[in-house]
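Below: one structure, written as structure tokens.
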Amino acid sequence: MIIEDDPMVVKLLQRALEGDGHELSIATSCEDAFFKIDKGTVPDVIILDLSLPGMGGIEFLSVVRKRYPFIKAIVISADDGVDTIVESMRLGALDFIPKPFKLANVCVAVNEALQYRQLQVDIDRGQHRNVFNDDESFLYTSSSMASVMETIQRVASTSVPVLITGESGVGKELVAREIHQRSGLSKGSFVKINCAALPPNLLEGELFGFEKGAFTGAVKSKPAKFERANNGTLFLDEIGELVLELQAKLLHVLQDGSFSRLGSNKVIKSNARIVVATNRNIESAVNEEKFRSDLYYRLNVIRIHVPPLRERPSDIMLLADHFLARSNQKFVKTVKFDAETREYILRHPWHGNARELQNAVSRYVVLGKLGSGFELTGASRIDPLGPKEKVIGTMKKEQIENPETDQEQGAQSDVSRKHPHDGMTLKEIGRNAAREAERKAILSVLEVTQWNRSKAARILKISYKALLYKIKDCGIVQQ
């Protein structure tokens, strides 16, 4: 991206850089640049003139360094005083080229900046895999997620608890992992436990461990998650589902950093940093006395809210392209999004947020055909990322050939049919709808993986135990 208000300078840079094969975006002011970035035009390298109308170049560099640390900057300016150069470099500029400049010098600086950025990306990925054994990148272009990153950078070096809030599927775990990776505890373990995936008695054993013989079935001792996360990070997902008895025990650990395994009086110390997440309204739970107020205040030291995907549309295609690349690599495919599919992705509300988008893209890549020859491509009139597996899979031949007749019959039967929600409260309707949506999503992935539950759990981003529980809870039976 070239940020320059002199059209002649822009024209010269454009001719030289496009001649080198670079794709360019032009902004005439820093405000214009931020607008383009927030709309999804995210550059690898910025060429910046310091003397611009409105926000100055130095202030711009300061904001970019905090919000978009992955963007590299090259400064071109007529003000080549020592103080200006030093301040530009302090704020992260990789190079300072005084005006008037030679185009060859700019081209060299751009190529070096791109090489440096790629090297940094490779190093970050390597470090990430060493900690997490995957390549789940924290990607964003929106200003709201840039603010989240700013907060992460500020709190990562501290040891205070962090409460992450947001809807299901927005990426709360990614925020927790980013906090861990940027902290001084990054060499320690990142230990996750989902408080909603296990019944209270099993969850207590996972959190605090137990000694051999502590209860029926305890044939050997089990270390606590707090022990495994010592000098690392313990991430408690769905903290709002923790029962009151365990909330009291968790509060005790947070207060003095010590606990005892079940069946033992030995006090164990843990230096684990606590990061928790919830998709519930935790304040309402406190008011309803379903969540301890003292634990809430202990956890709510730093709060990070992750906005839903529908409120940050500039992130949607960035994430979709990332998921597409990963799915192509995983399933050894070369699937691409055509223009119509991209339009669908941008138009879809994504109530399940990034998780729904990721699963939809995986489905798009894996299912070349579905049911009676329906192609999962952009050319298909069936929703390419949201196929109705069971409906299409059970369509009769005459229904496919005469859809209008089928619709008329369905409409006639609907008139005489009792409303399915009669006698149900709104809360019950919502709960049933959520369970049905969850059942369909799990069933879809199980069919894609040919009922390989381990693989399905990885695609759905839940533990194997949690998937087994969900299968049983939703009444899913292998046909």
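The values are calculated or read from the model by the stated rules, or taken from the named source; none is laboratory data. Keep in mind it's a predicted model, so treat the numbers as computed, not measured. Cβ coordinates were reconstructed from backbone atoms using ideal geometry, including for glycine residues, and neighbour counts include every protein chain displayed.
Counting the residues of segment 179-202 that are in a helix (DSSP H, G or I) and buried (at least 21 other Cβ atoms within 10 Å of the Cβ) gives 2. The condition (being touching an Asp or Glu at 6+ places or on another chain (Cβ under 7 Å) and in contact (Cβ under 8 Å) with a residue 40 or more places away in the chain) is satisfied by just one residue among L324, L309: L309. In segment 332-363, of all residues being hydroxyl-bearing (S, T, Y) and either in a helix (DSSP H, G or I) or in contact (Cβ under 8 Å) with a residue 60 or more places away in the chain (or both), the one that is farthest from A434 (Cα to Cα) corresponds to T341. Checking each residue in segment 289-320 for being basic (K, R) and part of a helix (DSSP H, G or I) picks out R298, R310. Scanning segment 159-172 for residues that are buried (at least 21 other Cβ atoms within 10 Å of the Cβ) and charged (D, E, K, R) yields one hit, K172. Would you tally the residues in segment 204-222 being in contact with a Gly (Cβ under 8 Å, 6 or more places away or on another chain), surrounded by 13 or more Cβ atoms within 10 Å (Cβ to Cβ) and not hydroxyl-bearing (S, T, Y)? Residues in segment 204-222 being in contact with a Gly (Cβ under 8 Å, 6 or more places away or on another chain), surrounded by 13 or more Cβ atoms within 10 Å (Cβ to Cβ) and not hydroxyl-bearing (S, T, Y): 5 in total.
Can you name the residue in segment 55-77 that is in contact with a strand residue (DSSP E or B) (Cβ under 7 Å, 6 or more places away or on another chain) and not in a strand (DSSP E or B) and, of all such residues, is farthest from S143 (Cα to Cα)? By that ranking, first place goes to G57. Just to be sure I understand, how many residues within segment 260-288 are under 22 Å from E211 (Cβ atoms), in contact with a Phe, Trp or Tyr (Cβ under 8 Å, 6 or more places away or on another chain) and either assigned to a strand (DSSP E or B) or of a type in the set (F, W, Y) (or both)? Total satisfying the criteria: 2.
Among residues of segment 223-268 being touching a Ser or Thr at 6+ places or on another chain (Cβ under 9 Å) and aromatic (F, W, Y), the one that is surrounded by the fewest Cβ atoms within 10 Å (Cβ to Cβ) is F259.
Every test in (1) at pLDDT below 90; (2) surrounded by fewer than 17 Cβ atoms within 10 Å (Cβ to Cβ); (3) in a loop (DSSP other than H, G, I, E, B) is passed by Q329 save one, and that test is (3). Looking across segment 27-39, just one residue is buried (at least 16 other Cβ atoms within 10 Å of the Cβ) and over 19 Å from G56 (Cβ atoms), and that is D38. Scanning segment 152-177 for residues that are part of a helix (DSSP H, G or I), over 12 Å from the mean Cα position of the chain (by Cα) and either at pLDDT 95 or above or farther than 25 Å from Q358 by Cα (or both) returns Q153, R154, V155. Annotation note: of K249, K269, the sole residue that is assigned by TED's automatic domain parsing to the domain that holds K187 and closer than 19 Å to L203 by Cβ is K249.
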